[in-house]
Amino acid sequence: MRDLLRDLIDSAQARAGYADARFVRSRVERLSTRNGRLDQLDSDESEGIGIRVRVGGSWGFAAARGTDRADAEDALRRALAIAEAQPSVPDAAPLAPEPPARGEWATPVERDPFNVPVEEKLAILLAADLGLRTDPGVKITLARFSAFQTEKLFANSEGALCEQRITECGGGIAAVAVDGADTQVRSYPASHGGHVAEAGYEHFLALELPGHAPLVASEAAELLRAPACPHGRSTLILAGEQLGLQVHESVGHAVELDRILGREASYAGTSFVPHDGIGSLRFGSERVNVTADATVPGGLGSFRWDDEGVEGRPVPIVRDGVLAGFLSSRETASEIGLERSGGCMRAEGFARQPIVRMTNVNLDPGEAGTLEQLIADTDDGLLIETNRSWSIDDRRLHFQFEGEAAWEIKHGERGRLVRNPSYAGMTPEFWGSCDAVCSPSEWSLISLLDCGKGEPGQVMRVSHGTAPARFRDVEVGVA
Amino acid sequence: MIAQEVAGRAAARGAPDAFARVTREHSLMLRFAAGRPTQSTAIDDLTVEIAIPFRGQVGRASTNAVDDRALANCAERARLAAEAAAAVGESNFPGFDPTPLPGAGDPGFGFDPRTAELDPEVGAAALADAFAVAGEQGLEAHGIWTVAQQEEAWAMGDRSGAERRTDAFMKVICIAPSGRSGYASRTAITVADIPARELAEQAARKAVVDGEPARLGPGEYTVVFEPAAVGWLLDLLAGSAFNGLAHAEGRGALDGRLGQRVAVPLVNLSDSPRSARTLPRSFDAEGTRKAPIPLIQDGVAHSVAHDRRSAAIAGATSTGHALAPGGSPSGPSPTNLVLAGGGASDETELCGPVERGVYVTRLWYANVVRPKETLITAVTRDGTFLIENGRITRPLRDLRLTDSVLGILSRTQAIARHQQLTSDGEFYGRRFAYGIVCPALRAGAVRFTA
């Protein structure tokens, strides 16, 4: 395969100013149970080669399934033909310089999830599923396992040749309580597929799904009887998945440089963040520090090299509330005069070209102690941990979220459960209202498995590290 | 047809009741931003799925390799999965019972040979037209032009079916120096029906409407939705209300409401998979022949969509709406929604009676908040205007809509006559082009929360 990629690059260089080729082999396994029965047992494999060329500033990309040399050469011909057919871009910026990526890297894994018998995984899911059926109010129970393995070989016309093997694994549970016109759901450890980490089977075991099932079930049923979230303004403590999603939608996407430069205006949208805002744009309060870091162990945005051959590294995004950097590619970095790409080019499989994506965009921990200490320091408010619904405008300014559940905070104590907790805000004002972030002991990763972007669409798995944070004077009960 | 040949070999590698499905995508997409090409993607790939039912369970495996060894390996993975699943106990999947289709599909139905050529020169000319129109008015043109040929085939024992389809889509967003934007799109079976210049002109007209954008506070307003916005609403409704699995589990919005009025009598909504006005499909992912189904008739909820699994749970018959062999975990869904046209001649007439209201070109980032209530939230985008005294008077800042889709259909006052095949041109995973045929409509007391 190395020889084939090298040959493709050699052929491309006769007509293209730049070329890269990626061989990608993907394996996916998904198991789920529903009400004590199997719901899904899928085993998917695919492999192929994607070739990207730049001719006169225009990009062409074509992909061929499999490893056949003739098919790959045909893909190269198509990529060149497409690039050459388009209007030229004479003022296209050169790619930001990057030393050629060389070497091999793999996710540290204790136990390869693809080598674990299906029966063993199913037994855990069924035990969890049974534990969810402990409350008569619960009508639907779900337990999920998923594992992903991606092998990549990358070469480009600047001498890069590197190989990576990334393994991801995890799962989650959910209970749905139904009563007449109302439906309530509770999930653990997160909604939308649970928690997946860049790790082996050991991560799935560590989730201890069966042990958490009874509480999940009882909370789902309790929500049917819980009071609705009142409308008004409130102090809000966000934690876990909900805070990670807040970072994802209002910070991560907002600082993607392709959006900022208008490249995503036709689909994902643009951004309120200006390309010359580094050092001057106030993004939040002085408590807010955000770092995009592709080196965090366990993060789904972790890798040695991105899909453009740029080595992953921590990139400051917000420092003391002020914009400090972007998520970028070699092309977009060059366009605004950055010395290097932020190493954020990622592609879904072999048949999509890399685009600017999040690595692990993390809210750095603060000094507010533990979550319980933060609650104790809060006289009146709401705590939301798990997401149910999300939406944000195409400039990443106005957002509206709804959690699965919230807990009232009264006089420094966690109180009763509240159903349908929604909140809304404007990104800079919201982050500007952040007056506390918990300490490093509370910091952990959450995963988002379905981040969509690009045309044709690409789904990416990302992680966000956060410690619980407090926001003042937030509009709640909006939906 | 490659897909048909591969499906036959794949099915032969599995058990006698193994179901094989092959979906092949041959597509080209040209993307542009700020009046220049940015990304171009050509894909030629396929997915072979083998599903083996066993004691009411289904084991599934997929691959994109088509040699005999790979297909045998795929079948073996599916068999092992089915056996592991069956060890859990019996479940409720009744097995596959696909409807045979003679021949190699009907190339005249939903297929255009010229579109299937995926000619980049045709796309480049479309981009040039869009750039020229936008440039003449000092606007930036953003968007995509894309064409595809899809083959879908299935085989089980001596039964088989196959179909070829083409689809073409272009959208143009024109952005003015002020930041205001306008949108137009077209979805079709044939690339010749994609009028790049006309789309750019439509988008440009919205971007250059005079006046500073006004800010409208939260509240309830009469709204004229263009077809693209109506399509978004109906797409969300499909998942909340017409999903047979959610309905059978008591989670669906029509749970206990079939036969009851859920919208004004003006509303007639169906799934019409063989209609040439849609992107037609003959069969679903389980090889079941797709049947047209009335969903809402004269405002009364009539039926939901089923695959074989949800039908078994509900004691019903599959309507041909499976999204995966053996059923998708998320359940079945309509793929060819058609909302019947009404009596209003066009959007201008819909605006006529509106004293003060909102004109919405399209919605964005729409998400279901509470499915049982069909409560959704979304923001307006690329052409939101204030209607005063029956006509559009000035641009509006974008608004956040948070309302029930069935609620909007219950407050619908008028529907335009002309229908449009709408799509957002989202192609995640293996390309599955679909669109919603719908007209513009006017609804009262639509709730905006910001």
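Summary table
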| read-out | value |
| --- | --- |
| A:Val310 vs. criteria modelled with pLDDT of 95 or more, β-branched (Val, Ile, Thr) and surrounded by 24 or more Cβ atoms within 10 Å (Cβ to Cβ) | yes |
| Members of the range B:417-450 that are farther than 22 Å from A:Gly269 by Cα, out of contact with any helix residue (DSSP H, G or I) (no Cβ under 6 Å at 6 or more places or on another chain) and small (Gly, Ala, Ser) | B:Gly444, B:Ala445 |
| Residue satisfying condition, being more than 10 Å from chain B (Cβ to nearest Cβ), in a loop (DSSP other than H, G, I, E, B) and surrounded by 16 or more Cβ atoms within 10 Å (Cβ to Cβ), within set A:Glu110, A:Glu98 | A:Glu98 |
| Unique match (being farther than 24 Å from A:Leu445 by Cβ and either modelled with pLDDT under 95 or of a type in the set (A, V, I, L, M, F, W, C) (or both)) among A:Val109, A:Val138 | A:Val138 |
| Lone qualifier among A:Val288, A:Val322 - being within 21 Å of the chain's Cα centre (by Cα), at pLDDT 95 or above and on the phi < 0 side of the Ramachandran plot | A:Val288 |
| Leading residue by the ranking (surrounded by the most Cβ atoms within 10 Å (Cβ to Cβ)) among those in the range B:416-447 that are of a type in the set (Gly, Ala, Ser) and within 10 Å of chain A (Cβ to nearest Cβ) | B:Gly425 |
| Condition met for B:Ala153 (of a type in the set (A, V, I, L, M, F, W, C), surrounded by 22 or more Cβ atoms within 10 Å (Cβ to Cβ) and more than 12 Å from chain A (Cβ to nearest Cβ)) | yes |
| Any hit, the range A:23-42, residues being of a type in the set (Gly, Ala, Ser), within 11 Å of chain B (Cβ to nearest Cβ) and in contact with a Ser or Thr (Cβ under 8 Å, 6 or more places away or on another chain) | yes |
| Residue within the range A:441-457 that is small (Gly, Ala, Ser), within 14 Å of another protein chain (Cβ to nearest Cβ), touching a strand residue (DSSP E or B) at 6+ places or on another chain (Cβ under 9 Å) and assigned to a strand (DSSP E or B) present | yes |
| Selection from the range B:12-50 of residues that are within 23 Å of A:Val356 (Cα to Cα), more than 25 Å from the chain's Cα centre (by Cα) and touching a residue at least 60 places away in the same chain (Cβ under 8 Å) | B:Ala34, B:Gly35, B:Arg36, B:Pro37 |
| Residue that is farthest from A:Glu47 (Cα to Cα) [pool: residues in the range B:24-79 that are at the interface with chain A (Cβ under 7 Å from one of its Cβ atoms) and in a loop (DSSP other than H, G, I, E, B)] | B:Ala34 |
| Residue in the range A:94-102 that is touching a Gly at 6+ places or on another chain (Cβ under 7 Å) and of a type in the set (Gly, Ala, Ser) present | yes |
| All positions within the range A:462-475 that are among the charged types (D, E, K, R) and surrounded by fewer than 23 Cβ atoms within 10 Å (Cβ to Cβ) | A:Arg472, A:Asp473, A:Glu475 |
| The range A:61-74, subset in contact (Cβ under 8 Å) with a residue 40 or more places away in the chain and not hydrophobic (A, V, I, L, M, F, W, C), residue nearest to the other protein chains (Cβ to nearest Cβ) | A:Arg65 |
| 3 or more residues charged (D, E, K, R): qualifying strands (runs of 3 or more DSSP E) within the range B:343-450 | B:356-370, B:375-388 |
| Only listed residue being part of a strand (DSSP E or B) and more than 30 Å from B:Gln4 (Cβ to Cβ), chosen from B:Ala200, B:Ala162, B:Ala168, B:Ala184 | B:Ala184 |
| Qualifying residue in the range A:365-380 (condition: buried (at least 23 other Cβ atoms within 10 Å of the Cβ) and assigned to a strand (DSSP E or B)) | no |
| Verdict on B:Glu90 being surrounded by fewer than 22 Cβ atoms within 10 Å (Cβ to Cβ), more than 30 Å from B:Asp382 (Cα to Cα) and not small (Gly, Ala, Ser) | yes |
| Residue selected from the range B:361-389 under the condition touching a helix residue (DSSP H, G or I) at 6+ places or on another chain (Cβ under 6 Å) and within 21 Å of B:Arg442 (Cβ to Cβ), by the criterion farthest from the other protein chains (Cβ to nearest Cβ) | B:Ile387 |
| Checklist (1) over 12 Å from B:Leu245 (Cβ atoms); (2) in contact (Cβ under 8 Å) with a residue 12 or more places away in the chain applied to B:Ala316, failing item | (1) |
| Per-region count, the range B:7-23, residues surrounded by 24 or more Cβ atoms within 10 Å (Cβ to Cβ), away from chain A (no Cβ under 14 Å) and outside any strand (DSSP E or B) | 3 |
| Hey, A:Arg225 in contact (Cβ under 8 Å) with a residue 24 or more places away in the chain and basic (Lys, Arg) or not | no |
| Helices (runs of 4 or more DSSP H) wholly inside the range B:224-314 that include at least 3 residues being buried (at least 24 other Cβ atoms within 10 Å of the Cβ) and among the hydrophobic types (A, V, I, L, M, F, W, C) | B:227-241 |
| Selection from the range B:156-173 of residues that are in contact with a Leu (Cβ under 8 Å, 6 or more places away or on another chain), over 18 Å from B:Ala285 (Cα atoms) and more than 10 Å from chain A (Cβ to nearest Cβ) | B:Asp167, B:Met170 |
| Residue check for A:Ser334: more than 14 Å from every other protein chain (Cβ to nearest Cβ), surrounded by fewer than 21 Cβ atoms within 10 Å (Cβ to Cβ), in a loop (DSSP other than H, G, I, E, B) and at pLDDT 95 or above | no |
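Table: residues versus (1) of a type in the set (Val, Ile, Thr); (2) more than 25 Å from the chain's Cα centre (by Cα); (3) closer than 30 Å to A:Ile173 by Cβ.
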| residue | (1), (2), (3) |
| --- | --- |
| A:Val28 | yes, no, yes |
| A:Gln40 | no, no, yes |
| A:Pro87 | no, yes, no |
| A:Glu104 | no, no, no |
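The values are calculated or read from the model by the stated rules, or taken from the named source; none is laboratory data. Not measured: the values here are computed from a predicted model. Here the Cβ is made from the backbone with ideal geometry for all residues, glycine too, and neighbour counts use every protein chain on show.
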